[in-house]
Each structure stands twice: as structure tokens, then as C-alpha cells.
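Read the structure below first, then the notes.
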Amino acid sequence: MTFTSLTFLGFVIAVVLFVNATRSPRIRSWLMVAANLVFLASYVDRPFELVPLVAFLVLGYACVELLRRMPTSALLWSGLVVVLCTFVTLKKYAFVPEPLTLQTVYAVVGLSYVLFRVLHLMIDARQGELRERIGPIAFFNYTASFLTLTAGPIQRYKDFEREARASTEVELREPDVYAAFARIIQGFVRIAVVSAVFNYVFAAVSGRVLAGTATLAWSQLLATYAVSAVSYTVFLYANFAGYMDVVIGVAALLGQKLPENFDRPFQARSFLDFWARWHITLSQWFRTYVFNPLLRVLSERVTSRALAPYIAVVAFFVTFLLMGIWHGATSVFVVYGLFMGAGASINKLWQVQAAKRLGKARYKALCEQPIAIYTSRGLTFAYFALGLSCLWLSLGELAAVSARLGPHGWLLVYAGLTSGAALSFAAWDALASAVTRVSSLGSRKLGVVSGNLLLASQILLILCVSSFFHKSPEFVYRAF
């Protein structure tokens, strides 16, 4: 069920109408179970293909309930090993021997995000934070909600439970419905317009990179690769952020509030700041359950004051390495993890050394200079765009491109992307500031009319662009 299809639109309308027709928490829970099962069933040809996913959910529920009753470290570590081994087997990671994998077709959609929720509950149960039993229905709706199954956001169970309870007491008002529809339309603009346009550019250009590694002139390969990297990065952001707009808007129509997953990531002034703005709930999960515990363990074992500032460098590297590897089952994602880990570590090392040499006050003042701001934003965007190559190139293709470009080619690409991004961001900010001033003046004069005109123009834009491309690009991040 694609998120830009009429089928999904009809499905959402039916769910919203049925759920809002009752205030009974029990009936609402069962309605959400039905909606989630229908959504899951849309990804398979036969019901049998969902058996491994259902089995993983049963395994996760059993581990959570056992830990709630017997919160011991030994049981937690045993459960983590079993759950993680089952996960990597079902995902068919490259290092898993083929005889150990299931030799049949089955659905793994949403499995990675189910894993995060299961591990979160297991760890919280071990720490004594789950005092009350989670019923099977509540567990299923939390781990397999159609709103968050394929790519998050990764909501904590306490927040999910609070929102589910509050939704039965919330009566939708006209401003709430208007805001929800505006958010959904904004999401479709990102998916059906921005994402579609840049996906078209990427598809047209990236093929030349793959087919012409040995035939294109070196300068042509460099330029073609740079355009491919930029177009894929913008496509991925518009596609992913647009999906988040849609599900957050739909959740609002159900009386629920989902956490935000993006906060203007291309305004980030450093790689670490970028990951505090991009896929926010994923970053928060890794910070809570990987980075903080690892930092605490390393701090207890490394007592040298001289080495203390560099402990975070190691912790960031390991955390981002694991985050990168999580994205995919093939060996190229190890490269992606190493690249992300190196970026986080270099960024942290730079912060430590710059503050040490310049002093915190001078370093902070330097970071607030416009040229430093836009250069930092350009460096961050360029690094991330190059890292995302692992998502659209195989390991062999990446090696072929790397060999052809050479070290000086990579430096030129990075420098070119940095300068281009910095200038683009400066121009965009100036344009956005001017548009904001004009639109705020129009809003004061026209009031609600201006808002309706904006929504109407967005809908018209979606229809025009969709008629050109015939079909909007599928949600790309569900593959990870």
C-alpha cells in the first residue's frame, strides 16, 4: 500500500471515521488492530508470508513479559542475544550463513523499527520502569502501528500509552482538523512534487555513473557523480520528511501526537548537529541505549583526565557505526557505518581541539560568523551526501567509482559540493526571509483566506506534477 495511492487515502479515511465514531478505549484498540493487520496484509501476496514477522512479535512480547516479572541482568542479556540473532537471521545479513536463513518468501517490512521498540521495552523492563503488564493488544498496536511501522518515528511506550489514552478524551475541533490536513498536504507536496522531481533527476543522471565508470571522461564522471549525490540526498529528505508529515497529520486526526522526526536538518552547522535534526527519534534511541551506556562504561575504565575529552570520540564512532550497519544487510552498509562513525568522531575531535586551542569564548564567537556558519553547513551537507552513496551504489560500484576518481577526485567533489551547498543555503535563506515578510503581511490582511489559498495552490501543484510523472516515488526509507 503506497502512501501516495488512492488505496491508502481510502484506508486512512475509513480508519479515521471508524475510530472517531467511538469513545470506547477497548473498541478503539480493536479497530487499530484491524487497521494494522490490513496495512500489514497489503505488503504480502499470501498471509503465510507474515508468519516470521508475527513470530518475532511473539518472541519480543515473551521477552518483555519475562523481564518484567524477573528483571535480572542475565535474563536481559540472554533475551538481547536471542532477539538480535533472530533479527539478523530474518533480515538475512551478509555474514549469516545461507543454511541458517529461511528459504522462503516472507515480509520483513517494519522489522527494524519493531526491533527498536522491543529492545526499548526489554531494557525498560529490566530497569523496573514497566510496573504494569502490557496487554497483547496494546503491545501489537505499539510495535506494529501502521503509522510508525515502516519508518518510525520511534515513540517511547509511555508516550504511546499516554497518547492512546488521551485520544479517547479528545474531541476534534475545526482548527485541529484544518492543521492536520495542512500537514498532510505539505507532506504530499514533498513526496509527490519535490521528491518526484529530484528522483527524476537522480534516475536520469545516476545511470550514467554506473554505466560510464570506465567510458566517461574523468571530469564528466566527477560532475555526474556530484549531481547524482545531491539529487539523491534531496530526494531522500523530501521523501522521508514528507512521509513523516503525512503520518503525523493522520495521527492528529486520530487524536494522537507523534514525535517530530526532522528539524530543518540542512540548517545544521556540524555533523553531530545534523544527526540531532535528521531522523531525530532514531538518534535519540541510539543516544539513550548505545551512546550513553558506552560513554559511562568507558568513563569508568579510563581514569586519565587527559584522555577524558576523547572518550566521547570513541563512543560517537561506535554508535554511528552501529547506526550505519543497521540500515542494511549487505557489506556496503558497513562502509556507510564507518563513514558515519568517522564523520561523528572527526566532528567531536575538531570541537575538542578548537575549543582547547582558541578557548571556548573565541571558538563560540567564530562559529557565529556568517562565513563560518555557511561553510559549516556546506561541509556537513557535502559529507552526508557523499555518505549516502552507499544507499544507491553497491560495494563493487562504489569501489569502481572510487578507483576512477582517485583521492584528488574525491577532494574536488567534496570541495565543489561544499561551496555549492554553502552558496545555495545563503541564497535560500535570503529568499525565505523575503517570502516570510511578504506572506506575513498577506496573512494579516487576508487572514484565513490566505491559508486556504495556500492549501489550494499546493493541491493544484500536486495534481500538475503528478500528472507529469504519472506516479509518485514509493517511500524509500522503508527498505532500511
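Computed from the coordinates by the stated procedures, all read-outs in this text should not be read as laboratory data. On a predicted model such as this, the values are computed, not experimentally measured, just so you know. For neighbour counting, all protein chains shown are included, and Cβ atoms are generated from backbone atoms with ideal geometry for every residue, glycine included.
Distance between the 7 Å Cα→Cβ label points at Ala41 and Leu398: 4.0 nm.
The charge dipole of the range 335-423, taken about its Cα centre with unit charges on the Cβ atoms of Lys, Arg (+1), Asp and Glu (-1) only, comes to about 500 debye.
Pairs of lysine residues in the chain that meet both criteria, 8 or more places apart or on different chains and Cα atoms under 16 Å apart, total 5. Which stretch or stretches of the range 116-158 have amide N atoms under 11 Å from the point lying 7 Å from Thr72's Cα along the Cα→Cβ direction? What the label zone holds, given the 11 Å backbone N cut-off, is no residue at all. The gain in end-to-end length when the Asn452 to Ser424 segment is fully stretched comes to 7.1 nm, 0.36 nm per residue minus the alpha carbon separation. Annotation: extensible slack from Glu368 through Gln103 equals 89.8 nm (criterion: 0.36 nm per residue apart, minus Cα-Cα distance).
Extension gain, Glu129 to Leu322, is 66.9 nm, computed as 0.36 nm per intervening residue step minus the present C-alpha separation.
Spin-label model, Val177/Leu59: points 7 Å from Cα along the beta carbon direction are separated by 4.5 nm. Per residue, the convex hull around the alpha carbon atoms of the range 323-365 comes to 55 Å³. Listed by Cβ neighbour count within 10 Å, with the fewest neighbours leading, Trp278, Trp428 appear as Trp428, Trp278. In this structure, Ala223 and Tyr289 have a Cβ-Cβ separation that, at R0 = 41 Å, corresponds to a calculated FRET efficiency of about 0.45.
Each 10 Å bin from zero up to the one holding the largest Cα-Cα distance in the range 6-167 carries the following percent of pairs: 10, 36, 35, 16, 3, 0. The chymotrypsin sites (Phe, Trp or Tyr not before Pro) of the range 76-129 that DSSP puts in a loop, and whose beta carbon has at most 10 other beta carbons within 10 Å, are Phe95. Mean silhouette area of the chain, derived from the convex hull of its C-alpha atoms and averaged over all directions, reads 26.3 nm². Summary of the geometry: the range 334-382 and the range 241-308, compared by the centres of their Cα atoms, lie 18 Å apart. The simple spin-label model puts a point 7 Å past each Cα toward its Cβ; for Ala214 and Ala276 those points are separated by 4.8 nm. Here the residues Lys158, Lys92, Lys348, ranked from fewest to most Cβ neighbours within 10 Å of their Cβ, fall in the order Lys158, Lys92, Lys348.
Taking the fewest neighbouring Cβ atoms within 10 Å as the starting point, the ordered list for Cys367, Cys390 is Cys367, Cys390. Across the chain, the longest run free of exposed loop sites, meaning GluC sites (Glu not before Pro) lying outside DSSP classes H, G, I, E and B with no more than 11 other Cβ atoms within 10 Å, spans 172-367.
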